[in-house]
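What follows is a set of notes on a single structure, which appears directly below.
The values are calculated or read from the model by the stated rules, or taken from the named source; none is laboratory data. This is a predicted model, so every value here is computed, not measured. Heads up, the Cβs are rebuilt from the backbone with ideal geometry, glycines too, and the neighbour counts pull from every protein chain shown.
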Amino acid sequence: MKNIALLFVSAVAMLACTPSVPSKYNATGVAPQIHPDYADVTVPVNIAPLVFEISEKGDDYVTRLSAAGTEFVFGGKEVAPSQEEWGELVAAAVGGEIKAEVFTAINDKWRAFNAFSIKVSPDTIDAYISYRLIPPSYVAYERLSISQRKLSTYEEKDIYNNMLVTAEPLGQCINCHAYKNHRTNNMQFHVRQYKGGTVVVNNGKAVKLNLATDSTLSAGVYPAFNPKYNVIAYSVNKTGQIFHTKHANKVEVQDSASDIILFDMNNLTVTNVANDTTKLEVFPWWSPDGRTLYYCSSHFPKRAPGQSAVDAEVRQYKTIKYSVLRRSYNPETGAFGAVDTVFNAAKMGKSATFPRVSPCGKYLLFAMAEYGCFHIWHQDADLYMMNLETGDFWPLEAANSQYAESYHSWNSTGRWILFASRRDDTNYSRLYIAHIGDDGRAEKAFLLPQQNADFYDFFDRSYNVPEFMVEPVQITPQEFAEVVEQDAVTVKYVSPKSEN
Amino acid sequence: MKNTDKKDVAAAPAKGFFATLTAAKVSKIVVAVFFVAVWALLAFGEGATLFRVAEQSLFLYNGHFLREAMALPAGFLSYIGAFFIQFFYYPVLGATVYVALLAALYLLTKKVFDIPARWSLLALLPVALVLAYSTQLGYWIFYIKIQGFYYMALLSTLASLLVAWVCLKYKALYAPAVILWAVGGYMLFGAYALGGAVVIAVASLVDRIKGRYGPLYVVSAALMLVAVCVLVYAVPQGMYHYNIYSNTMLSHMPFAGLPVHQWVDNVEMYPNGIFEYWLPIALLPVAYLLLALLRGSLADSGSGKKCWPYAVAQVVVAACVVAFTAVYWYGDVNFDVENKQNKAMWDEDWEAVAAYAMDSKLPTRQIVLNKNMALLKLGRLGEDAFKYPDGSSDIAHPGVVHLTQTGGMMNYYQYGKFNFCYRWCIENAVEYGWRAEYLKHAVRCMLLSGQHKLAMRYINILKETLFYRSWACEMEEYVNEPQKISKQEEFRMPLLMYKYPDALELDDSYVEVYLSKSLSNIHTKEDARLYAEAAVVFALVRKDVNLFWDTMSRYINKGKLTRVPHHFQEAIILFTNLNKDITTNIPIDFKVKSRFESFISEVKKLKGMKEEEMAPLFIEEYGDTYWYFYFFVRNIKTN
């Protein structure tokens, strides 16, 4: 008898707690405000549940998510489908959409908002992404990590964390993680200052290298793994920062000199590829066949006699405009061909950075703003796509915002792009993912989902250099720390070979 | 022992108060006086400092904040430390909570170690150590990278005492409790739990050696001590480092929760060493080991006829407690003045900001900057700037203190340098963690520079706090109705100072130098009188005559002047006197002229005397003049 009573009470309690869609309501005729804005976005089938919060006023909330006969009803301001519920919804909606209907009650009077949809693409997305987590600071740094996230869940783990090795007062900066063909048995990242060097994983074996030589400007900075051959192109940079006293961009990160080098992983040698002293060359990237090297280049501002490079740049920072160039690469001889201008942004009075060729080789994705190279601090920076076959280019309007977009990368299938955007609060970079159609146009991007709708409101680090991976990094952070502790292997400089 | 005390009391009911005093009663009175004195000193003597401690901390009432804290070993301790620190926002309330917990520490120490009433002063030893660990901090409140530091030793010692009490009271639970404390407690309380586990193991061993236990019990306790020591070594480095915490270096693991970054890794930055900062926490386990050794031995000690050894012991203990507390109590006047000024600035009480500057005979540059800023707000800068003590006192801190990390953000904000203020909020948050003070600066800077989306981010964070919620809501109203911003008196000066064109600049971490140079270079038509007045005073502080004339001409040319401010007249008469080629038709008051003549005549009388010898002779008569500052306030070092 006791058990039956308990069962009854439990059942009543469950019924009382199960939300149901109101039968009577007034239609508002407008879409609900939700946070993050997942209305009308396109998601892959293998993405973690999109958790969002209803920003409308109300005493009570009910949301119904439905797709092809499957539906779940959620109560409360935060709509947080479980992994199972979400799995059922996206499975039912593949190639179609999940319909979201929001109802709110004020003084027991229900209102219904216009339904919005979440489109579910049949194109799957790479299983993992990685990024650096860093506060949007300028000079100071403390706790930094390069982390990997499984996209189908919320699971995040460190790949490497600088606090494993860092020691005051030197500190340790880490940056520029990169992979060969989205796989993790060939990858790299840099460690700066304390125990500095470049950690390169070559066929699963990690080693720390010193890529600086007397004949090159600096150690390697922005990396690009050749997808076919065992070489990595790097820019080498002398970088500084200076601060806006008023402008909302707040800081200018500028190179007073920058070149492109090539690192041969087999012979542990580096070679200058582009080192014109009148130009700044940066952001290398390879074509999918590994036979063309893309990079950005800007003329250096004119210098008055006796004027330092830094002073000239500070005074004329708005005249520094990068265009996208390319040179052919002969993997047999190691020689590079003549320079070809792919996209003359400077001629348009703009500055294009981070050229990234799509895995199919058809499209070039880049960030463009009025001037400079460090677009994540430029609020006018947007993503652009160029058809390399026709030369046509266009802004990715559905993916862009009025704030900075930059640091983009392609999914291994070329159907998704991942990029950092500062649209949410203008200062903290968050990751957005957009579907790319056959025509190279983007659909509305969605914010990387988290377990709580307000996660980003309180998360005090930016997502930096996001990259797709088809598999997780297997080397543990502690194992990487042991590599970082070791002395770096120094590479040799060899002179560049001419094409003839 | 308790019975003995009761007999002592009962034996003398008819006698006078002093005659009824027993040793136990005296101890109780001394203990009570100690706690009341500490409370009063904290609540009323250190109110501004406690408020600053709260400002330099942050506690958010949400799961994100807890999760973020728990990502590090000892993160929970830091979390609850930050929880208690928030009450310092109201110093009397905060001091009451703090002293109540100190009293709990005292009572628990007495209980766990069976300290009889007549020996209860001994229980003040760990209290004094824990207190000293926090009150010694001074400028470290800006630099310690652990949020709840002020409370951490206190809370962790209380927690360890509770575990010790369980271990000693319930012998059967001893082994599991102490192992659990070492293994599980480490995650929550870090090094403090490890230290506590060792002390508990020693205390238990001593207890068993002293008690009527068989050798088996003693051997098992000894083995347990060995096991705990092994755990203390192995748990953080072996178990947690490789499996849970990929964010802490191996060698730092056993010291989680201790300021090893500042007080070990950075030790070469402190030429005179910082060993003394470790002393209170290093002596804490020693004190408890001493109490463990004395446990059970004190019951009858000193209760015989020959009570003088007891009395001497009590006096020694009391003297140690008082002396240690006093020596470790950071009592720097300049630090106190800076904190009072800071509080007054947030309260928009600018008269008080200026008035506090009088409390320091040799102020820090921060005090001078704050005072000048207040006088500028009050419209008295040119009139009164040099009537206050001036100079650049060394900061009472073992390392370099940069204004950018302490009070400089407020100066940047008030002088309209919102981007620079915001920059240092971010830079400091990166190094030391977000704090309420940084968040408030960030809100105001982004609000006044029109970056409302970013302002809302920080407003929303502050809305998750207990004591800054209403302030955040007030700021949110300005975001919703921005037209109200320019009408608000507190924003008037920062907005007036913000009217300059954008430029790319560096401050090299030197607030005063940057402000001085920046204001000198800004040529703006709008409300330039305010700019120019500040620029003239900065030029006078730099003793840069050319810059003075340049800024002065800008000041004069900004519309009709009824009278040139007093200090500007003093400077004009001084500089035209030093360089006869310079002529000016700026009118100088008769009083200024005649006073300058007598000043020069006094100086001539003392010809041959060194400036540092002359300074004390002139301070009484001319200490309120620019001339005194120009000749006798030398070697201004800014930071």
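Just a yes or no: is a residue in the range A:182-203 in contact (Cβ under 8 Å) with a residue 12 or more places away in the chain, hydroxyl-bearing (Ser, Thr, Tyr) and more than 19 Å from A:Val465 (Cβ to Cβ)?
Yes: one or more hits.
With the requirement that a residue be polar (S, T, N, Q) and over 15 Å from A:Leu170 (Cβ atoms), what does the range B:252-279 give you?
Correct list: B:Asn272 only.
Let me spell it out: the conditions are (1) surrounded by fewer than 18 Cβ atoms within 10 Å (Cβ to Cβ); (2) within 14 Å of chain A (Cβ to nearest Cβ), and B:Tyr422 meets all of them except one. Which number is the exception?
(1)
Residue-by-condition table, conditions (1) hydrophobic (A, V, I, L, M, F, W, C); (2) within 14 Å of chain A (Cβ to nearest Cβ); (3) within 25 Å of B:Val327 (Cβ to Cβ); (4) outside any helix (DSSP H, G or I):
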residue: B:Val232; (1), (2), (3), (4): yes, no, no, no
residue: B:Tyr242; (1), (2), (3), (4): no, yes, no, no
residue: B:Ser246; (1), (2), (3), (4): no, yes, no, yes
residue: B:Glu268; (1), (2), (3), (4): no, yes, no, no
residue: B:Ile281; (1), (2), (3), (4): yes, no, yes, no
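Per-residue answers, yes or no, for (1) of a type in the set (D, E, K, R); (2) away from every other protein chain (no Cβ under 14 Å); (3) closer than 30 Å to B:Asn428 by Cα; (4) buried (at least 17 other Cβ atoms within 10 Å of the Cβ):
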| residue | (1), (2), (3), (4) |
| --- | --- |
| A:Gly69 | no, yes, no, no |
| A:Phe74 | no, yes, no, yes |
| A:Gln83 | no, yes, no, no |
| A:Ala93 | no, yes, no, yes |
| A:Ile98 | no, yes, no, yes |
| A:Asp108 | yes, yes, no, no |
| A:Pro122 | no, yes, no, no |
| A:Pro135 | no, no, yes, yes |
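Among the numbered conditions (1) in a helix (DSSP H, G or I); (2) over 30 Å from the mean Cα position of the chain (by Cα); (3) within 14 Å of chain A (Cβ to nearest Cβ); (4) at pLDDT 90 or above, tell me where B:Leu519 comes up short.
(4)
For A:Thr166, state whether it is buried (at least 21 other Cβ atoms within 10 Å of the Cβ), over 15 Å from the mean Cα position of the chain (by Cα) and either aliphatic (A, V, I, L, M) or not in a helix (DSSP H, G or I) (or both).
yes
For the range B:38-73, how many residues are outside any helix (DSSP H, G or I) and more than 14 Å from every other protein chain (Cβ to nearest Cβ)?
Adding up the residues that qualify gives 3.
Any residue in the range A:303-330 that's assigned by TED's automatic domain parsing to the domain that holds A:Ile242 and closer than 22 Å to A:Asn344 by Cβ: show its pairings with residues that are outside any strand (DSSP E or B) and β-branched (Val, Ile, Thr) at Cβ separation under 6 Å, as long as the two are six or more apart or on different chains.
Correct list of pairs: A:Leu325/A:Val339; A:Arg327/A:Val339.
Of the numbered conditions (1) part of a helix (DSSP H, G or I); (2) among the hydrophobic types (A, V, I, L, M, F, W, C); (3) under 30 Å from A:Asp158 (Cβ atoms), B:Leu125 satisfies every one except a single condition; which is it?
All conditions pass for B:Leu125, except number (3).
Can you list the helices (runs of 4 or more DSSP H) found entirely within the range B:341-425 that contain at least 1 residues being within 30 Å of A:Ala248 (Cβ to Cβ) and not aromatic (Phe, Trp, Tyr)?
In the range B:341-425, the matching helices (runs of 4 or more DSSP H) lie at B:365-378, B:408-414.
Just to verify a result, which residue in the range A:137-146, among those that are touching a strand residue (DSSP E or B) at 6+ places or on another chain (Cβ under 7 Å) and over 16 Å from B:Leu72 (Cα atoms), is farthest from the other protein chains (Cβ to nearest Cβ)?
Here the residue is A:Ile146.
Residues that are modelled with pLDDT of 95 or more, touching a Ser or Thr at 6+ places or on another chain (Cβ under 7 Å) and closer than 30 Å to A:Asn267 by Cβ: which strands (runs of 3 or more DSSP E) entirely in the range A:283-392 hold 2 or more of them?
Output list reads A:292-299, A:323-330, A:351-357.
To keep it simple, each residue is scored yes or no on (1) without any contact (Cβ under 8 Å) to a residue 40 or more places away in the chain; (2) under 23 Å from B:Glu597 (Cα atoms); (3) among the hydrophobic types (A, V, I, L, M, F, W, C).
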site	(1), (2), (3)
B:Val536	no, no, yes
B:Val545	yes, yes, yes
B:Arg554	yes, no, no
B:Ala571	no, yes, yes
B:Ile582	yes, yes, yes
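If a residue must be touching a residue at least 24 places away in the same chain (Cβ under 8 Å), within 14 Å of another protein chain (Cβ to nearest Cβ) and not in a strand (DSSP E or B), how many such residues does the range A:442-471 contain?
9
Go through the range A:154-192 and give me each residue that's within 14 Å of chain B (Cβ to nearest Cβ) and in contact with a Gly (Cβ under 6 Å, 6 or more places away or on another chain).
Answer for the range A:154-192, where residues must be within 14 Å of chain B (Cβ to nearest Cβ) and in contact with a Gly (Cβ under 6 Å, 6 or more places away or on another chain): just A:Val191.
Can you go through B:Lys110, B:Lys145 and tell me which one is closer than 24 Å to B:Leu462 by Cα and among the charged types (D, E, K, R)?
Criteria check complete, one pass: B:Lys145.
Out of (1) away from chain A (no Cβ under 14 Å); (2) under 24 Å from A:Gln379 (Cβ atoms); (3) aliphatic (A, V, I, L, M); (4) under 30 Å from the mean Cα position of the chain (by Cα), the odd one out for B:Ala455 is which?
With (1) away from chain A (no Cβ under 14 Å); (2) under 24 Å from A:Gln379 (Cβ atoms); (3) aliphatic (A, V, I, L, M); (4) under 30 Å from the mean Cα position of the chain (by Cα) applied to B:Ala455, the lone miss is (1).
Sort through B:Glu512, B:Glu437 and tell me the only one that's within 23 Å of A:Ser137 (Cα to Cα), more than 9 Å from every other protein chain (Cβ to nearest Cβ) and in contact with a Lys or Arg (Cβ under 7 Å, 6 or more places away or on another chain).
B:Glu512
Out of all the residues in the range B:393-406, is one or more buried (at least 24 other Cβ atoms within 10 Å of the Cβ), of a type in the set (S, T, N, Q) and more than 14 Å from every other protein chain (Cβ to nearest Cβ)?
For the range B:393-406, residues buried (at least 24 other Cβ atoms within 10 Å of the Cβ), of a type in the set (S, T, N, Q) and more than 14 Å from every other protein chain (Cβ to nearest Cβ): present.
Quick grid of which residues meet (1) in contact with a Leu (Cβ under 8 Å, 6 or more places away or on another chain); (2) modelled with pLDDT under 95; (3) surrounded by fewer than 17 Cβ atoms within 10 Å (Cβ to Cβ); (4) on the phi > 0 side of the Ramachandran plot:
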position	(1), (2), (3), (4)
B:Phe34	yes, no, no, no
B:Leu42	yes, no, no, no
B:Gln56	no, no, no, no
B:Arg67	no, no, yes, no
B:Ala74	yes, no, no, yes
B:Gly81	yes, no, no, no
B:Ile85	no, no, no, no
B:Gly94	yes, no, no, no
B:Trp119	yes, yes, no, no
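So how many residues does the range B:593-618 have that are within 42 Å of the chain's Cα centre (by Cα) and of a type outside the set (Asp, Glu)?
Number of matching residues: 8.
Please go through (1) touching a Leu at 6+ places or on another chain (Cβ under 7 Å); (2) farther than 29 Å from B:Trp263 by Cα; (3) in a strand (DSSP E or B) for A:Ser130 and return the number of the only condition it doesn't satisfy.
For A:Ser130, the exception is condition (1).
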